[in-house]
Amino acid sequence: MQLKYVLSRAGGGKTSAVYEDIRKCMEQNQAVKLVLMVPEQFTLQAETDIIASLGSAGIMQLEVLSFQRLAHRILSEVGGIKRVQINQSGKAMLLRSIIDANAGELTLYAKASRQEGFLSKCSALIDDLKMQDIAPQNLMACSDALEEGMLRLKLRELGLIYEKYTQALEEGYVDEHDWLRLLSQRISSSRLLEGAHVWIDGFSGFSAGELSVINELVKKAAQVSVSLTIDTERGPDYEIFAATRRTMKAISASASEAGAGESTCKVQLEAARPPELLHLERNLYAYPFSRYAGDMASIRLFAGSSRHSEVENAAIEIIKLASGRGYRWRDIAIVTGALEDYAQIIKRTFSEYGIPVFIDEKRPITNNPITRFVLAALDIAVRDFRYEDVFKFIKTGFTELERSSWERLENYVLRYGIKSSAWLSEFALGSDEERLLAEQARIKLVPPLAGLKKKLGKKKTVKEFTSIIYDFMVELDMPEKIERWTQRLMDDSRLEYVNENTQIWNIVIEIFDQMVEMIGDMKVDIREYAGILSAGFAEHKIGVIPPTMDQVIAGSLERSKSHEIKALFVLGVNDGVLPGGFSDEELILDDEKLIMKENGVRIATDSITRAEEEKFSIYTSLSKPSELLHMSYAIADEEGKALRPSIIADRMKKLYAGLQVESDIVVDSDRRLAMLVSPFPGLRQLSELIRQEMEASTEDSLWRDLYSWYASSPQWSEKSDIVCEGLFHKNQQEYMGGGLASRLYTSPLKSSISRLERFANCPFAHFVNYGLSPRERPEYTVSMPDMGTLFHSSVEKFSKEISDENISWRELKREKSDEIVERVIDSMVPEFGSGVLYSSHRYSYLVNKIKRVGKRAAWAIVEHIRRGEFAPLDHEVEFSECGSIPAIVIELPGGEKIELSGRIDRVDILGDGREGYVKIIDYKSGSKKFTLSDAYYGLQIQLLVYMDALLENKQLLEFDELHPAGVFYFRIDDPLIDADKLGEDDIEKGILKQLKMNGIVLKDVSVVKAMDSEIESERYSSIIPAEVKKDGEISERSSAVSESEFRGLIGHVKNIIREIGSEILKGKIKIQPCRSGSEISCSYCKFKSICQFDTLLEDNEYRNIKKLSDTQVRELLSGRESSDDKVD
């Protein structure tokens, strides 16, 4: 029995010394068994490295093993292999079933255990406890020793879960910690390691289970060599090796107890590396440190303007290393403390530069199509064919439906609200064509799912559920489909995804096996089964082997120590990233761990220990490269928020007097030239150079040389032309031409008023809406515009019912009004949106809301009519070719004509057959307000055009003379008021005031009083926007105009209509939204993504609307000809 320590500082040559020792042993005795033990993730790389070091074609005498692989070998030999080992997925599923079964005994974690991430934290805590040999009884004893409080309750419930977990494992299962414990018990019985030489290399520390195995190896093998990163001398950075010293002390104590001899081999191969790298290894965490004043050829520090520029700079430098210094891709590695932030940027950027890269990360399987397929099928059964579940299932790509087929099916399902039992019977809604296509897709899709749902219906054992799911997958030919899919990936050279997806099927089957092994006889319902399986999938992460050997490896600090490298690029040397901050989000907090430590239970994974481990990891990583270390940080994130450099960056500046921080914040010609290392990203440089030349003429000819190179290259000339076209791209075109316009629009131009208002707000939005006429996908839902339509229709039908029943508005009672509204809405609901308002409880509530608002609005209308002398003449008055009033025809300057049509919600009349006054009311569910300013600019002309239609056709209303009395918007709403200390009458008055109409009224006291008889006593009206002064005149605060101003405004609006009509027929499509103060036309425009309006682009400007007061509008109308007022 002999224990040998191979010791050195980081990069000191321990691994080389181990390989050399192995070589000598193989030469001296070819019969002896040799074993090299390394961490699990490095076994493949270690085999490759040892073969290269020995200079042989292969190795027969030596085995490269991890602790897990050694356990498999030993237990296969001496027994114990039949015990089922559970992985992280199995552990999560077991914990889920334990928590569900013992939910009644949990109070603190009863609800928390259902939250995402709880199982991961619980599993991690159990791992920590087992790594420290802490038993459930220890937790319970610690809990009993504490006073009442949160920690005591935590330990009691966590101890219960841990105890049940341990008991479940005793029934024939082992996790990775029990596996090591079983290994240490059986090593003594194994003949495999008798007389063997064992080397243990590449570990930064050992768990209690691994230390126990090492102790048994020392007893069994002829010699055990353990390599450790440590400096036994008490130097200025002595504390960095504190964890290693504890490890060495523990190993030594076990060896002494076993009576093994100990020897030490100190290795030092520092001469092979540049002096600045040696200085870094010695001084990174040294206190005090020495300052290096020599050349800085091997260490560089870069500050990127963003993470993308940081990665791009790394790509440029890697290209230079490969082309200028003969580096192979595998000689270069990238590490970062925030791989999740950098991974996609690295993939995208390195692809552009033609650099093969492998992202070394553990990947979750929950987003893989295969696992989504299984979970979606279960969700369909559990949640009864919900839209989201069905199409998540379809979009995995493993159904029999082609893309075009399922897209049409999705449109149909969204339009008609297909769900639940509707999937199980023949589709009956819609046109014959859409129904037939959807039905064909349904027939292919639903039968297997319906069969699955039926089989999964009742409570069953986990084993029975799993068998049904597996049979379902086989029924749908999943293995063959996966094989065809991976072959397509192979044909597309997407080798990394081939590797990943060939594992997933086996993982799914393995998880099924673990469920059946552990909890197969447990009876659960389908919801519980789905939760357990989902927990298993969520906890499983896979590591993918690099598809080729010659690649740049990018990974985290923990996974960056696999092979010798010449150059290391460290990205994200930012505050909170390297070193990272630790959020205290574990189940047991740091301060609670200190209390537990005082009571005899020590959990080593506190923030101090983790910070110590990260510090050591940073030290070993930065000491890894043999020739070059390139560090970088970003000064801003993707949103432009400032990022601070890390203390590591500051430390580097202190350590090296000659270290200059490079940056791309200012890019001069030399920097630009240095960036031209690859054709594809060079196109971006060409674009930027030409743009600079356009903005400020320079004497730099680099862009000409670069353009000439691309133009003369058959492979790149077309791409460079596209780039140049993009530089001169304009999203603006003022006119499409009268020819195209005449093909899009009818002659005479037939238009609604809202169409003209749309044009005034933005010509391009008008063009898209009325010229291109795109359609939104109809959905089986109720949107805000739909609500407006319902409110509007309910009031209209209410008015029609009053007329049909010949009920007097002035004698109508509140109860009768409410009854009519109730009846009207009940008749509307079944017909609306294919019955969508019957489809859910939420919509049932919405119907009640519509009734409440409808009743309030109806009664407000009754009150308005009662308080005035105006009487409703008609409702839904249509002016058009087929209406009761003819369309408004306006001749345009070019001789063309525009025909305006519309429908007036309500027309009220005051007067006899000779002379009368007309009032127009338009019902609105929104908060739109009428202003003279908007009317003047053509943004709100609807009410004025309605008035013109009536005034021009007074004879049809049987009047000799007809005067405008007012135009108003009536808001359909159920307002809230503060009813505290108010009587019923006051509440009603408050509501009526909130529902006051807005618009303009004729500046005539008698007309105003005829609209609201109470205005004289109250001074102000709670019905119309008018106020009467003490002298009986109309106040200036009223929204009132004289009849001449009223008619002048109508004339001005007609001139605007002429201009708009002419511009439409000319083909004006300019992107020019209106802006009035903080309000812009784009706010509610559906076509923003089409026009891509951006004020940074050339000729992209708002049509700025200056808000005018009523007085200013009146002055403008009286002070100049209306025809001088242009639309734009």
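Coordinate-derived values only; no laboratory data. It should be emphasised that the depicted structure is a prediction, and the values quoted were computed from it without experimental measurement. Because the Cβ atoms are built from the backbone with ideal geometry, glycine has one as well, and the counts that use them run over all protein chains shown.
List the residues, sorted by chain then number, that are 5 or more residues from residue 63 or on another chain and whose placed amide H is less than 5 Å from its amide H.
Those lying under 5 Å, H to H, from residue 63 are 34, 35, 36.
May I ask you to derive the relative contact order of segment 869-917, considering only C-alpha pairs under 8 Å and at least 6 residues apart, and to give it as an integer percent?
Relative contact order for segment 869-917 comes out at 42 percent.
Where a Cα-Cα gap under 15 Å defines reach, which aspartates and glutamates qualify for residue 463, not counting those fewer than 8 residues away within the same chain?
Within reach: 471, 510, 513, 517, 521, 525, 528.
One quarter of the convex hull surface, Cα atoms only: what value does that give for the chain in nm²?
Approximately 60.2 nm², given one-decimal rounding.
Rg and Dmax of segment 376-424, Cα atoms, in Å?
Here Rg and the maximum Cα pair distance are 10.3, 28 Å.
In deg cm²/dmol, rounded to 500, what helix-only [θ] at 222 nm does the chain give when every DSSP H run of at least 4 residues adds -39500 (n - 2.57) and the total is split over its residues?
-15500 deg cm²/dmol
Mind checking the full-extension length gain between residue 599 and residue 16? Use 0.36 nm per residue of separation minus the Cα-Cα distance, one decimal, nm.
Between residue 599 and residue 16, full extension yields an extra 205.4 nm.
Kindly express, to the nearest 10 degrees and within the range 0 to 90, the angle between helix 67-78's C-alpha long axis and the longest C-alpha principal axis of the chain.
60 degrees
Under 28 Å from the Cα of residue 566, which lysines turn up, not counting those fewer than eight places away in the same chain?
14, 24, 266, 320, 347, 362, 615, 624, 653, 654
Only sites in a loop by DSSP and with at most 12 other Cβ atoms within 10 Å count here; which trypsin sites (Lys or Arg not before Pro) in segment 772-862 make the cut?
Filter output for segment 772-862: 775, 813.
By per-residue mean of other Cβ atoms within 10 Å, what is the highest-first order of 58-65, 1058-1065, 906-913, 462-469?
Most protected by this proxy first, the peptides run 1058-1065, 462-469, 906-913, 58-65.
Looking at the square roots a ≥ b ≥ c of the eigenvalues of the Cα gyration tensor of segment 84-171, which shape do they give, rounded for a/c under 1.5, prolate if a/b is larger than b/c, or oblate?
Here segment 84-171 falls in the oblate category.
Using per-residue counts of other Cβ atoms within 10 Å, averaged over each peptide, order 245-257, 219-231, 1005-1017 from highest down.
Answer by packing, highest mean first, reads 219-231, 1005-1017, 245-257.
Whole number please: convex hull volume per residue of the Cα set in segment 859-941, in Å³?
159 Å³
Angle check, please: helix 717-727 long axis (alpha carbons) against the longest principal axis of the chain (alpha carbons), in degrees 0 to 90, nearest 10.
For 717-727 against the chain, the angle is about 50 degrees.
What percent does the relative contact order of the chain come to when contacts are Cα pairs within less than 8 Å and at least six residues apart?
Relative contact order for the chain comes out at 11 percent.
Please arrange 743, 408 by counting, for each residue, the other beta carbons lying within 10 Å of its beta carbon, fewest first.
Ordered from fewest to most neighbouring Cβ atoms within 10 Å, 743, 408 come out as 743, 408.
Given the Cα-Cα distance of residue 609 and residue 59 and 0.36 nm per residue of separation, how much length would full extension add, in nm?
194.1 nm
Could you work out the Rg to Rh ratio of segment 669-727, with Rh taken as the Kirkwood radius (inverse of the mean 1/r over all Cα pairs)?
When Rh is taken as the Kirkwood radius, the ratio is 0.94.
Let me know the number of lysine pairs in segment 84-171 closer than 16 Å at the Cα, not counting same-chain pairs under 8 apart.
9
Would you work out which of 359, 375, 334 lies farthest towards the positive end of the dipole of segment 331-415, given +1 charges on the beta-carbon of Lys and Arg and -1 on that of Asp and Glu, about the Cα centre?
The Cα lying farthest towards the positive end belongs to 375.
Could you size up the charge dipole of segment 84-171 around its Cα centre, putting +1 on the beta carbon of Lys and Arg and -1 on that of Asp and Glu, and report it in debye to the nearest 20?
So the dipole magnitude of segment 84-171 works out to roughly 300 debye.
Expected output is a single nm value to one decimal: the length gained when fully extending between residue 52 and residue 994, i.e. 0.36 nm times separation in residues minus the C-alpha distance. What is it?
Result: 330.5 nm gained on full extension.
Taking a quarter of the surface of the Cα convex hull of segment 270-349, what do you get in nm²?
Its average projected convex-hull area is 7.2 nm².
Starting with the highest mean, order 129-140, 706-717 by the number of other Cβ atoms within 10 Å, averaged over the residues of each peptide.
Put in order of decreasing packing, that is 129-140, 706-717.
Under a straight-distance cross-link criterion of Cα-Cα below 19 Å, which lysines are reachable from residue 813, leaving out those fewer than 8 residues away in the same chain?
Cross-link targets: 797, 800, 851, 855, 989.
Calculated FRET efficiency, residue 1092 and residue 719, Cβ-Cβ r, R0 22 Å, to nearest 0.05?
My answer for the efficiency is 0.45.
Please tell me the relative contact order of segment 637-767 in percent, rounded to the nearest whole number, where contacts are Cα pairs under 8 Å and at least six residues apart.
12 percent
For segment 111-214, compute Rh as the Kirkwood radius over C-alpha pairs and then the Stokes-Einstein diffusion coefficient at 10 °C and 1.306 mPa s; write the answer in µm²/s, rounded to an integer.
The estimated diffusion coefficient comes to 99 µm²/s.
Take the Cα radius of gyration of segment 24-103 and divide it by 2.2 N^0.38 Å, with N its residue count; two decimals is plenty.
For segment 24-103, the normalised Cα radius of gyration is 1.61.
Quick one: check the C-alpha center-to-center distance for segment 779-813 versus segment 687-757, whole angstrom.
Segment 779-813 and segment 687-757 have Cα centres spaced 51 Å from each other.
With labels modelled as points extended 7 Å from the Cα through the Cβ direction, what inter-label distance (nm, one decimal) is found for residue 463 paired with residue 636?
According to this spin-label approximation, the distance is 6.4 nm.
Using all C-alpha to C-alpha distances in segment 568-625, build P(r) with 10 Å bins and read off the rounded percent in each one.
20, 41, 25, 13, 2
Within the chain, what percent of beta bridges assigned by DSSP are antiparallel, to the nearest 5?
30 percent
Could you work out how far helix 242-258 tilts from the main Cα principal axis of the chain, as a 0 to 90 degree angle to the nearest 10?
So the helix axis and the longest Cα principal axis differ by about 40 degrees.
Size of the dipole of the chain about the Cα centre, Lys and Arg at +1 and Asp and Glu at -1 on the beta carbon, nothing else charged, in debye to 20?
My answer is approximately 2140 debye.
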